[in-house]
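Remarks on the structure that follows.
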């Protein structure tokens, strides 16, 4: 009888250095769809996983620009649509607009990356198949995990299991849907 389908293999490691070394060796071996889980940030892990995504920073810049542009547009519209000339003040008085413009620029520069991060991470996600593996709860306590997805071009169930074993994984679990 054929084995049931799996989403990937999860290898457990005891130290951050062991996990970092395993990620580097997995990259060298040609695995592309890998992820690492640890109870705290590991120095050098982002470089080892080849994470080069800078979209969040750009979302902050775009949010600030949208915030200040929208606020200025509303203030200019209101001043031209309902002109109140007081003391010879011009209708477009940028110094008077500055406080509100600045506040909304900061607000949008913060909200855009937060919403963008949630959207890019597909959150809120109430359940992920990794949570169903028996030992994965230790990832928030004192264990380190390397996950190799089954849709990786180099993935082979038995070959990848052997590869994780050669990296020094304490335990190897199949992640099922």
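Values in this text are rule-based calculations from the coordinates and carry no lab data. From a predicted model like this one, the values you see are computed outputs, not experimental measurements. For neighbour counting, all protein chains shown are included, and Cβ atoms are generated from backbone atoms with ideal geometry for every residue, glycine included.
Eigen-decomposition of the gyration tensor built on the alpha-carbon atoms of the range 56-120 gives equivalent ellipsoid semi-axes of 30, 10, 7 angstrom, largest listed first. Between residue 62 and residue 99, the contour length at 0.36 nm per residue exceeds the Cα-Cα span by 11.4 nm.
Look at 13, 155 and count the other Cβ atoms within 10 Å of each Cβ; fewest to most, that gives 155, 13. One Cα centroid belongs to the range 1-44, the other to the range 93-172; the line between them spans 14 Å.
Shown here: mean projected area of the Cα convex hull in nm², derived from the displayed model; of the candidates (1) 15.0; (2) 11.2; (3) 12.1, it corresponds to (1). In terms of other Cβ atoms within 10 Å, 31, 82 run from fewest to most in the order 82, 31.
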